[in-house]
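A short write-up of the structure that comes next.
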Amino acid sequence: MKKILAVLLVFVMVFSMAACGGGGEEGEGTIKIGWVGSITGDQAVFGTCESNTIKMLIDQKNAEGGLLGRQLEFVGYDVKGDVNETINATKRLVSQDKVAGIIGPNASNLAIAMAGVLTETKTAGIATVATNTKVTINDNGELNPYSYRVCFIDPYQGSVAASWAVDELGYDTAAILYDISSDYAQGFRQYFVEYFEANGGKIVADESHNSGDTDFRAQLTNIKEANPDCILIPGFYKEVALMAKQARDLGINATLIGGDGWQSETLNEMGGKAIEGSYVVNHLDDNDPAVQPLKELYKATYGEDATVELNAYMGHDAFELLCAAIEKAGTDDPEAVAAAMTEVTVEGLTGTIKMSPEDHNPDGKEAAIQMYEYDEATGLAAPVFVKKYSPAN
């Protein structure tokens, strides 16, 4: 009987350990770092750079001895910019792959979509450049308890852009051309309008388009008739390049203003002279000496022709935050790692990263204003740092 009880006891212990799920037993095997993003689709440039960066940083960390005496392992999925793919990938990462936490995605709508799975499985997700407020605070005004991000948010980004237009450039009128299906664009637009109008500006045209559109001449014709001082384009690099070229072809000379979705070598090439003199709100100055070691490592790893996007820097900061939380927790158990997220501080490439317990956004991050300059010799435009900036009021 004693032998039977002993066997049963062992069986119960083994079953209990298997049922716990999560990141595996402490000190056993690799610590798995999850990632979701778009390697195919319209934002493939962002996703490819971000995933490459995380892989590179994992290799570097492993060469230094790993974390908690264990090696790290990258587990990532290409979600193709699709909400359902993102939800399914998140489920696989937590239930099948048993990651310690998830880095990504870049896009707000995808980060919003995965929040329910993160909450249900008590696994931290660290969005990189997902700026919509709903990523961490849901429609009911409640905190998504396992959703975090390392970027500033749309109310801040929109108000910075509007403040720059009104208070620094002295503009009185503005037009908007935005993707009506994008959470990112809608949030950016909303807070730009609120600040711009509250501080004496007037929105003279408010035009929208659908995701995937390539011809914006009808909307731009309406904007031209309104004759604004500036045009807010809260979009991504490919559509921005098309809009800018079509606007200039129509004789529109208004200053173009955008945000972090512009940041890409692809825009520099496609936009060229059409984006000369445009301003963007960004997360950092990519010419800052502090970020050069990462750029150099990236090119040494992936080739001198490899482009280093904004996502490299944001991915770096998200990775460092997750590593700090794992070390603080002393385990790769997802729930323990998530609990440590608000207890650590990381000196990132985009600023000091300290998660607010109230909204899971990084406290106190400033924006960087950049202006695009055009090089006649190369036919390329490039953003040049102007200044660190916060809204005037």
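List of remarks:
- Whole-angstrom Cα spans of the chain along principal axes, big to small: 91, 46, 36
- Among Thr331, Thr255, Thr221, the largest mean-square fluctuation in a Gaussian network model of the chain (Cα springs under 10 Å) belongs to Thr221.
- Dipole axis of the stretch 52-172 (+1 Lys, Arg; -1 Asp, Glu on Cβ), positive-most option in Ala127, Tyr156, Ser108: Ala127
- Build a GNM of the chain with springs between Cα atoms under 10 Å apart, and of Ser182, Ser211, Ser38 the one that fluctuates most is Ser211.
- For peptides 85-92, 65-72, 147-154, sequence by mean Cβ density within 10 Å, most packed first: 147-154, 85-92, 65-72
- Pairwise Cα inverse-distance average, inverted: Kirkwood Rh of the stretch 235-393 (Å): 17.5
- Comparing Gly81, Gly272, Gly29 in a Gaussian network model of the chain (Cα springs below 10 Å), the most mobile by mean-square fluctuation is Gly29.
- Top positive-direction residue, dipole computed over the chain with Cβ charges, set Val346, Gln60, Ser211: Gln60
- Net charge contributed by nearby residues that have their C-beta within less than 11 Å of Tyr374 (K/R +1, D/E -1): -3
- Lys, Arg +1 and Asp, Glu -1 on Cβ, resulting dipole of the chain about Cα centre, debye, nearest 20: 1060
- Angle between the chain longest axis and helix 2-19 axis [Cα atoms, degrees, rounded to 10]: 0
- Compared with the dominant Cα axis of the chain, that is its longest principal axis, helix 217-226 is turned about 60°.
- Proximal charge balance of Asp215 [Cβ under 12 Å; K/R count +1, D/E count -1]: -1
- Entry note: the stretch 319-393 has Rg to Rh equal to 1.21, where both radii use alpha-carbon atoms and Rh is the Kirkwood radius.
- Remark: the Thr214-Glu376 segment gains 55.7 nm on full extension, using 0.36 nm per residue and subtracting the alpha carbon distance.
- Options Gly170, Gln190, Ile231, ranked by Cα towards positive dipole end of the stretch 153-246, top entry (Cβ charges): Ile231
- When both bridge partners sit in the chain, DSSP labels roughly 40% of those beta bridges antiparallel.
- Helix 237-249 vs. the chain, principal-axis angle (Cα, 0 to 90°, nearest 10): 0
None of the figures in this text is laboratory data; all of them are computed from the coordinates on show. On a predicted model such as this, the values are computed, not experimentally measured, just so you know. Neighbour counts are summed over all protein chains in view; Cβ atoms, including those assigned to glycine, are modelled from backbone coordinates with ideal geometry.
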